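Reading through the structure tokens given below for one structure.
The values are calculated or read from the model by the stated rules, or taken from the named source; none is laboratory data. What you see is a predicted model, and the numbers here were worked out from it, not measured in a lab. Here Cβ is always computed from backbone atoms with ideal geometry, including for glycine, and neighbour counts include all displayed protein chains.
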Amino acid sequence: MEHLRLGVNIDHVATVRNARGGDYPDPIRAAKLAEEAGADGITAHLREDRRHITDDDIERLVEALTVPLNFEMAATDEMQAIALRHRPHAVCLVPEKREERTTEGGLEVAQDENRLAHFIAPLRDAGCRVSIFIAADQRQIEAANRIGAQVIELHTGAYCDAHSEGRFDARDTELERLQDMSRFAHGLGLEVHAGHGLTYETVAPVAAFREVRELNIGHFLVGEAIFRGLEPSIKEMRRLMDEARSD
Ligand code: PXP
């Protein structure tokens, strides 16, 4: 099976830094450690309200990284201009609401197809791989494909929430949906990624989907780093992914 890439999301290193308004802990230092621990890429979400990652962080990441940067952003003119200035390896479009604590759902592509097609064209022309964060929903996948996205990232939040709340039937239904939609998207020629809410307990079944090429994981790894350090936390995630992949 093809290698499953691990993208480490460092947003919440910036959350801790921003709690005190200084420059410690530095998310770029975390990104470099993640590289050393075997991350295949680094993901960072520049939110409209700059609640964690800042413009300066993005600039420094572009300078410092030797692995690809996956730049998560809302589909706004401001973010498009920033992406076009930095030309990251990948741009992942995510929905964004100020009042939400995290990215709660996937992007509504089907109802905004025309605008999004025009929005992503210059990003593709600039050489960025365009990824769209969506629910495991056939309508959204078809729309993402039509507008010219090269990658979709399936939202694993519903699956992970069902697991952590002990709703195991719902969890299994979500997992089946993720599997079916990974196959469907792969069949259309899209590269399939997945992420949101993944932990040591929930990663294996998703890592085992042969159509999935990349997982993006952040909050759990930054939390786990408090207890065992960032590098060991990432290495353990890598091990679980590899184990699931080889079964
Ligand atoms: N993928 C996307 C598109 C996201 O927006 C996020 C959260 O920022 C993640 C993956 C990582 O989610 P988590 O931090 O819950 O691991």
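Among the residues of segment 18-41, which ones are over 19 Å from the mean Cα position of the chain (by Cα) and more than 16 Å from the ligand (Cβ to nearest atom)? If you could, list the steps in order and put the result at the bottom.
From segment 18-41, those over 19 Å from the mean Cα position of the chain (by Cα) are 18-26, 29, 36; that's our starting set.
The answer is Ala19, Arg20, Gly21, Gly22, Asp23, Tyr24, Pro25, Asp26, Arg29, Glu36.
Could you grab the pairs with beta carbons closer than 8 Å, sequence gap of 6+ or different chains, first residue in segment 195-220 and more than 13 Å from the ligand (Cβ to nearest atom), second one of a type in the set (Val, Ile, Thr)?
The qualifying pairs are Phe209/Val192; Glu211/Val192; Arg213/Val192.
Could you please let me know if Arg101 is of a type in the set (Lys, Arg) and either surrounded by 16 or more Cβ atoms within 10 Å (Cβ to Cβ) or within 13 Å of the ligand (Cβ to nearest atom) (or both)? Before you say what the answer is, go through the steps one by one.
Values: of a type in the set (Lys, Arg): yes; either surrounded by 16 or more Cβ atoms within 10 Å (Cβ to Cβ) or within 13 Å of the ligand (Cβ to nearest atom) (or both): yes.
The answer is yes for Arg101.
Which of the residues that make up segment 227-247 are part of a helix (DSSP H, G or I) and charged (D, E, K, R)?
Kept after step one, since they are part of a helix (DSSP H, G or I), are these residues of segment 227-247: 227-228, 230-246.
Matches in segment 227-247: Arg228, Glu231, Lys235, Glu236, Arg238, Arg239, Asp242, Glu243, Arg245.
Looking for something among the basic types (Lys, Arg), modelled with pLDDT of 95 or more and over 22 Å from Phe220 (Cβ atoms) - is there at least one such residue anywhere in segment 98-111? Working first, answer last.
Just the residues of segment 98-111 that are among the basic types (Lys, Arg), to begin with: 98, 101.
Those left that are additionally modelled with pLDDT of 95 or more: none.
No, because not a single residue in segment 98-111 is among the basic types (Lys, Arg), modelled with pLDDT of 95 or more and over 22 Å from Phe220 (Cβ atoms).
Considering only segment 177-191, I want to know if a residue exists there that is closer than 17 Å to Met73 by Cα, within 16 Å of the ligand (Cβ to nearest atom), in contact (Cβ under 8 Å) with a residue 12 or more places away in the chain and not charged (D, E, K, R). Talk me through it step by step, then tell me what you get.
Kept after step one, since they are closer than 17 Å to Met73 by Cα, are these residues of segment 177-191: none.
No, that holds for no residue.
Looking at (1) within 15 Å of the ligand (Cβ to nearest atom); (2) surrounded by fewer than 15 Cβ atoms within 10 Å (Cβ to Cβ); (3) in a helix (DSSP H, G or I), which is the only condition Ala144 fails?
(2)
For the structure I just gave you, tell me whether Arg139 is among the basic types (Lys, Arg) and assigned to a loop (DSSP other than H, G, I, E, B). Write out each step before concluding.
Values: among the basic types (Lys, Arg): yes; assigned to a loop (DSSP other than H, G, I, E, B): no.
Considered against the rule, which asks whether it is among the basic types (Lys, Arg) and assigned to a loop (DSSP other than H, G, I, E, B), Arg139 comes out as no.
Of the residues Ser131, Ser164, only one is surrounded by fewer than 16 Cβ atoms within 10 Å (Cβ to Cβ), within 15 Å of the ligand (Cβ to nearest atom) and either farther than 21 Å from His45 by Cα or modelled with pLDDT of 95 or more (or both); which?
After applying the criteria, what remains is Ser164.
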